[in-house]
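First the structure, in the form of structure tokens, and then the observations on it.
Bear in mind that the values in this text are calculations on the coordinates, not laboratory data. Because the structure is predicted, anything quoted here is derived from the model rather than measured. Virtual Cβ from ideal backbone geometry, glycine too; neighbours counted across all protein chains shown.
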Amino acid sequence: MDTPDRERYSRQILYRPIGEAGQAKLLAARAAIVGCGALGTQQAALLARAGVGELRIIDRDYVESSNLQRQTLFTESDAAQALPKAVAAEAHLKQANSRIRVCGIVADLTPENAAALLGGINVILDGTDNFETRYLINDYAVKEKIPWVYGAAVGSTGATMTIVPGSPLPSEASAQETPCLACLFPEPPSGLHPTCDTEGILGSAASAVASIQVAEALKLLVGDTKALHRKLISFDLWENRFQAIDPGAPSDDCPVCRRREFAHLSGDRAVQITLCGRNSVQIHERRRPVDFAELASKLTPLGTVRSNPFVMQFSVAPYELTIFPDGRAIIKGTTDPGLARSLYARYIGS
Ligand SMILES: [Zn+2]
């Protein structure tokens with residue numbers, strides 16, 4: 001470590017569990033952030049300033065003014081230009097720390113590109129807003145024995161858990177150390193679940209989750225795995241509830257970490273997307289029927305809703321979402337599959 005780095009990270013080096021040896025490990029480490037919204041912007045800023053040597057930031061969306069309340073990296077100018085979040089994040093992080101490598105990648109994480117985007121990474125941080133991408137991260141991370149840190153925030157609530165694989169060294173190959181996401185939630189939560197775009201979110205709830213995730217990532221990267229919290233942590237900052245549940249051992253019949261069947265990674269269960277006519281994208285969401293009455297009550301405050309028993313239409317300029325009872329949707333106003341998936345996750349649910 002050179003003198004500028006010793007000075008720059010001096011307060012973190014003074015913190016004994018990190019020290020100079022830990023700081024050197026951070027500078028040599030590579031972290032990926034999947035999703036650069038409320039969680040991802042905080043994770044990225046903290047990791048960049050902590051001196052994690054390489055940050056890979058993957059996001060499929062662009063900056064809008066409604067992001068600025070909580071997505072602390074972005075500026076009014078980013079929103080006015082509708083810059084891709086990965087691009088804006090990279091630019092701002094390079095200004096915060098020019099001595100690390102920051103790579104913003106404008107992409108939707110898919111089974112096809114997971115290895116290219118997450119290969120060679122030491123820890124993955126979940127900044128996504130949907131279960132579909134989380135199951136994909138879980139498959140890839142368990143398969144490749146990369147630790148990852150689950151996180152979620154909506155309203156005033158947050159939740160996080162750290163998923164630690166067995167040793168990746170062939171000489172000490174071992175079973176999964178903690179439960180994986182599929183041990184806890186074998187199937188995505190059924191029915192509609194709240195999203196930031198239907199229920200709102202406090203910036204402080206997202207920041208709290210991201211801060212815990214980053215502390216866990218630093219423990220992993222300096223090798224202090226005994227310090228990991230090893231709980232499913234959840235809280236409600238408005239209702240003043242804090243919980244830490246011991247998730248127990250990995251599930252004996254977990255398809256992912258025990259049977260090592262990676263269905264989300266193989267694409268068997270991926271959402272099918274097709275470009276559908278001019279300026280629209282069709283998403284075949286096969287797995288989750290939609291309750292029109294429940295969805296209409298969530299969406300009515302956000303745009304124009306029309307429905308009959310066969311189809312429901314939701315207009316929010318410049319887009320129109322046509323939703324079928326089996327979960328299929330046609331999204332008009334874009335030909336970008338990543339944006340269409342983002343709109344689907346935002347308004348219909350992941
Ligand atoms: Zn598992």
**Prompt:** Each residue of the range 297-312 in order: what ³J(HN,Hα) in whole Hz does its phi give by Karplus 6.51 cos²θ - 1.76 cosθ + 1.60, θ = phi - 60°, with x for Gly and Pro?
**Reply:** 5, 6, 8, 3, x, 9, x, 9, 10, 10, 8, 9, x, 9, 7, 10
**Asked** Roughly how many Å is it from the Cα centre of the range 1-38 to that of the range 285-350, as a whole number?
**Response** 43 Å
**Fill in**
Exposure proxy check on Val281, Val311: fewest-to-most Cβ neighbours within 10 Å is Val311, Val281
**Message:** Quick check on the exposure proxy: order Ile105, Ile137, Ile283 from fewest to most C-beta atoms within 10 angstrom.
**Reply:** Ile105, Ile283, Ile137
**Prompt:** Non-local amide H neighbours of Ile33 (under 5 Å, H modeled in plane, Pro and chain starts lacking H): which ones?
**Reply:** Arg56, Ile57, Ile58, Leu125
**Complete:** Taking the chain and counting helices only, DSSP H stretches of n ≥ 4 at -39,500 (n - 2.57) each over all residues, the nearest-500 ellipticity at 222 nm comes to -9500 deg cm²/dmol
**Request:** May I ask you to evaluate 6.51 cos²θ - 1.76 cosθ + 1.60, the Karplus curve with θ = phi - 60°, for each residue of the range 17-25 and list the ³J(HN,Hα) values in order in whole Hz, giving x for glycine and proline?
**Result:** x, 9, x, 5, 5, x, 4, 4, 5
**Message:** Straight-line reach from Lys298: which lysines fall under 22 Å, measuring Cα to Cα and dropping same-chain residues less than 8 apart?
**Reply:** Lys332
**Fill in**
Projected onto their principal axes, the Cα atoms of the chain stretch, largest extent first, over whole-Å spans of 65, 50, 41
**Prompt:** Among 53-62, 327-336, what's the highest-first ranking by average C-beta atoms within 10 angstrom per residue?
**Reply:** 53-62, 327-336
**Message:** What is the angle, in °, between the Cα long axis of helix 85-96 and the longest principal axis of the Cα atoms in the chain? Nearest 10 is fine, range 0 to 90.
**Reply:** 30 degrees
**Request:** Using packing as a proxy for protection, rank 1-10, 19-28, 73-82, 141-150 so that the peptide with the highest average count of other Cβ atoms within 10 Å comes first.
**Result:** 141-150, 19-28, 73-82, 1-10
**Fill in**
For the chain, the dipole about the Cα centre with charges only on Cβ (Lys and Arg +1, Asp and Glu -1), to the nearest 20 debye, works out at 420 debye
**Message:** I'm checking a number: the convex hull volume of the Cα atoms of the range 92-240, normalised per residue, in Å³. What is it?
**Reply:** 149 Å³
**Phi-based couplings in Hz for the range 178-185 (Karplus 6.51, -1.76, 1.60; Gly and Pro marked x)** = 10, x, 9, 4, 6, 5, 7, 10
